[in-house]
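Here the structure is laid out as structure tokens; the discussion comes afterwards.
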Amino acid sequence: MEVLRITGGNALSGRVKASGAKNAMTKLLVASLISDKCCTFYNVPNIGDVEITLAMCEEIGMEASWDKEAKILQVQTRELKTTYIPQRFSGSNRIPILMIGALLARSDQDIIVPTVGGDRIGARPVDFHISSLQQLGATVEYRNMKKEGAYFAYAPHGLKGALITLPFPSVGATENSILAAVTARGTTVIKNAAIEPEVVELILFLQKLGAIIALDADRTIHVQGTRRFHEAEHTVMADRIEAASFGMAAIATKGSIFVEGAEHRNMITFLNKLREIGGGFSVKSNGIEFFWNGNLQGGLHVETDVHPGFMTDWQQPFVVLLTQTEGSSVIHETVYENRFGYVDSLVDMGADISSFKQCLGGRQCRFSSNGYPHSIVVKGPTPLSAKTINIPDLRAGFAYVMAALLASGTSVITGLPFLDRGYENLAEKLSGIGADIERVYIEERFAETPVNFDTPYVLV
């Protein structure tokens, strides 16, 4: 198995280029299934989730040409060979459920997709997806199939525009509703919609493709049905999660990193919190420079929220950053109820973090009575020590990498497939800016014990 070997203590300094956004590119591939036209994407990240999504799309008829070196992907689905996504994709990521909206927009055949997967960070029910699609006229059912369940969907008489009000501004449910509504008869209005930059990215691409979509300021999206499409070219937005991750690593290690392509408008809330603790940044015309600007001050309250709030995917590395600040800070997670599962490993490394089941912050959230620890208090500054750590999910993975970069000694990190899902060439990028990091192979029986990299069981 592959692991990361990281020796901490180096200040990171240099320049990295932000990759295309995982949470945008995967949805754009699904959206392209709506038409039979050729679509060309630029700045495509070479990551696991894109590969998995492309494999699903090819399974049902997409033709693709991917120049990974140039980061250009050209796709076209002239016709659907099938509307069945095989069970081997069950649990691979969150994309299968989005296939329903796109395929309903393209076909009147019965659609079968496997159960959804992704990180184990709390319940992410598909109720909002199903309810929205049903309001558009589809029938969606969950059925048991062999060892795994699957979702069956069909709309033999087509979809019809509807008024959809989401109980919570779910990104996935918003995207699914948009995809299905593109070819529905009449106009669809989606209220309390998610307005994340990745959702806007999807809207921009669909408009190029031929869709008629308007976004109001009050979280309302209007989609006027159409079946006239055009060839489209689209450059994928920079990954705001990756950009912030490198920024936090720069400041925590007392270094300086210029993140080329980082987009100011998509990181406003994050940058405000960074400035509150004394982290340095400078916005340039082609990116953002992040740098250590003296001792960091805690005493911060952070509450994750839907956009334009503080993104839940920023909080894990931000917690590591807070371990290096003076004083106590509070993080209140309101998006996923079980997203602090990674904290125990940071405590083992020396972090002073306490978990609470109560809402610590300015308001009660929907998880106030469910019994999950969804608030933490972080005290700092604390020195961290190297450990052998297994990654439980994608964003916790970078938090562990960042902690290892700060720790004294050499850490070993396992569970790299999680990291590979969302970070392109992470070890190479970090090595290029001064990190002592190496990706190596070890025998799996040694994965749970401290590793001596001078012994012969390590295969570099």
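The values are calculated or read from the model by the stated rules, or taken from the named source; none is laboratory data. From a predicted model like this one, the values you see are computed outputs, not experimental measurements. We place every Cβ from the backbone using ideal geometry, glycine too, and count neighbours over all the protein chains shown.
Looking at 257, 268, can you tell me which residue is β-branched (Val, Ile, Thr), without any contact (Cβ under 8 Å) to a residue 60 or more places away in the chain and either out of contact with any Cys (no Cβ under 6 Å at 6 or more places or on another chain) or on the phi < 0 side of the Ramachandran plot (or both)?
268
For the stretch 1-22, which residues satisfy the criterion of being buried (at least 24 other Cβ atoms within 10 Å of the Cβ) and polar (S, T, N, Q)?
Within the stretch 1-22, just 19 meets the criteria.
Listed residues 355, 368; which is more than 22 Å from the chain's Cα centre (by Cα), in a loop (DSSP other than H, G, I, E, B), hydroxyl-bearing (Ser, Thr, Tyr) and surrounded by fewer than 23 Cβ atoms within 10 Å (Cβ to Cβ)?
368
Looking at 183, 188, 220, 226, can you tell me which residue is over 24 Å from residue 156 (Cα atoms) and among the hydroxyl-bearing types (Ser, Thr, Tyr)?
Working: 183 fails: over 24 Å from residue 156 (Cα atoms); 188 fails: over 24 Å from residue 156 (Cα atoms); 226 fails: over 24 Å from residue 156 (Cα atoms).
Among 183, 188, 220, 226, only 220 is over 24 Å from residue 156 (Cα atoms) and among the hydroxyl-bearing types (Ser, Thr, Tyr).
For the list (1) in contact with a Gly (Cβ under 6 Å, 6 or more places away or on another chain); (2) modelled with pLDDT of 90 or more; (3) under 30 Å from residue 393 (Cα atoms), I need the number of the one condition that residue 99 fails.
(1)
Being part of a loop (DSSP other than H, G, I, E, B), among the β-branched types (Val, Ile, Thr) and under 26 Å from residue 168 (Cβ atoms) narrows it down to one residue among 335, 330; which is it?
After applying the criteria, what remains is 335.
Being among the hydrophobic types (A, V, I, L, M, F, W, C) and in contact with a Lys or Arg (Cβ under 9 Å, 6 or more places away or on another chain) is the filter here; which residues of the stretch 399-417 pass it?
403, 404, 407, 412, 413, 416 - these are the residues of the stretch 399-417 that are among the hydrophobic types (A, V, I, L, M, F, W, C) and in contact with a Lys or Arg (Cβ under 9 Å, 6 or more places away or on another chain).
Go over the candidates 301, 307 one by one and state the one that is in contact with a Pro (Cβ under 9 Å, 6 or more places away or on another chain) and in the same structural domain as residue 249 (by TED's automatic domain parsing).
Of the residues listed, the single one that is in contact with a Pro (Cβ under 9 Å, 6 or more places away or on another chain) and in the same structural domain as residue 249 (by TED's automatic domain parsing) is 307.
Would you kindly identify the strands (runs of 3 or more DSSP E) lying entirely within the stretch 49-116 that contain at least 3 residues that are crowded, with 21+ Cβ neighbours inside 10 Å, assigned by TED's automatic domain parsing to the domain that holds residue 225 and not hydroxyl-bearing (Ser, Thr, Tyr)?
Where strands (runs of 3 or more DSSP E) fall fully within the stretch 49-116 and carry at least 3 residues being crowded, with 21+ Cβ neighbours inside 10 Å, assigned by TED's automatic domain parsing to the domain that holds residue 225 and not hydroxyl-bearing (Ser, Thr, Tyr), they are 111-114.
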